[in-house]
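J.: The following block contains the structure, expressed as structure tokens.
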Amino acid sequence: MIIFQKNIIGNVMFYGGIFIIIAGVFMAYKDATYVYDNFGGMDEPLFDWRFFFNTLIIPTLIGTMLIGLSEVIKLLDKLLRNVKLLQIAPTKSGQTSIQTETTSTPEAQDNWTMNQKDEEKIYDLYSDKAILEIIASTKKGYCIVKTQDMQGPLNPSLKVVDVTGVAAREVHDPVKEQAILASYHA
């Protein structure tokens, strides 16, 4: 199993942008509040809204740009993670169909369609391995699966799987296995 590191830079930039906006509001409020001396002995506290908004513009822009940049970094990181996952295990497609040759065996058909349930059975069977490719064979109910160990070096192996039952199972009959694999290599 691949463990991904958290996106620390994106999070730091996001929270830094929020901090800059909040600190900018407090600083703009502090700077816009002043005491007016009316020379009558009564000091009057005043608040200048124009100065407040003019002072608030720069921290708001900088904070917003940091938050936006952090979101771009998070999206790029998510895209990179998806690409790495696609290299390990392909996505499940709705249906895969294959044109087969007409033979005299009753198991062969003109059009055999592998559905999503069949693929799910295969993914359940090889949950501990990376599935690189699933191919419907020329014989109905059988698939060729290219697998690889998750942690090992790149050394894929081909397996013949029977998906006609409730659960998928590997075919260990050498004659049937070689016949199906021969159609794959042809």
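J.: Can you list residue pairs whose Cβ atoms sit under 9 Å apart, with the first residue in segment 19-33 being within 17 Å of Met65 (Cβ to Cβ) and the second being exposed (fewer than 13 other Cβ atoms within 10 Å of the Cβ) and modelled with pLDDT under 95? Count only pairs 6 or more apart in sequence or on different chains.
T.: Going by the 9 Å Cβ cut-off, there are no qualifying pairs.
J.: Additional query: So which of Ile62, Ile22 ends up being exposed (fewer than 14 other Cβ atoms within 10 Å of the Cβ) and either modelled with pLDDT of 90 or more or not small (Gly, Ala, Ser) (or both)?
T.: Going through Ile62, Ile22 in turn, the sole match is Ile22.
J.: Taking interchain pairs and intrachain pairs at least six residues apart, which have beta carbon atoms under 6 angstrom, with the first residue in segment 107-124 and β-branched (Val, Ile, Thr) and the second surrounded by fewer than 15 Cβ atoms within 10 Å (Cβ to Cβ) and modelled with pLDDT under 85?
T.: Pairs found: Thr113/Gln95; Thr113/Ser97.
J.: Out of curiosity, is Val72 assigned by the TED database to the domain that holds Gly17, in a helix (DSSP H, G or I) and of a type in the set (A, V, I, L, M)?
T.: Criteria met by Val72.
J.: So, one more: Counting only residues that are closer than 19 Å to Asp128 by Cα and either touching a Ser or Thr at 6+ places or on another chain (Cβ under 9 Å) or outside any strand (DSSP E or B) (or both), which one in segment 162-186 is most open to solvent (accessible area, probe 1.4 Å)?
T.: So, considering only residues that are closer than 19 Å to Asp128 by Cα and either touching a Ser or Thr at 6+ places or on another chain (Cβ under 9 Å) or outside any strand (DSSP E or B) (or both), the one most open to solvent (accessible area, probe 1.4 Å) is Ala167.
J.: Filter segment 132-157 down to residues that are farther than 22 Å from Lys176 by Cα and among the aliphatic types (A, V, I, L, M) and give me whichever is least open to solvent (accessible area, probe 1.4 Å).
T.: Selected residue: Leu132.
The values are calculated or read from the model by the stated rules, or taken from the named source; none is laboratory data. Treat the numbers as computed from the prediction; the structure is a model and nothing was measured. Cβ sites come from the backbone with ideal geometry, for glycine too, and all protein chains shown count toward neighbours. The accessibility values were calculated without ligands, DNA or RNA, using every heavy atom of the protein model including side chains. Shrake-Rupley method; radii C 1.70, N 1.55, O 1.52, S 1.80 Å.
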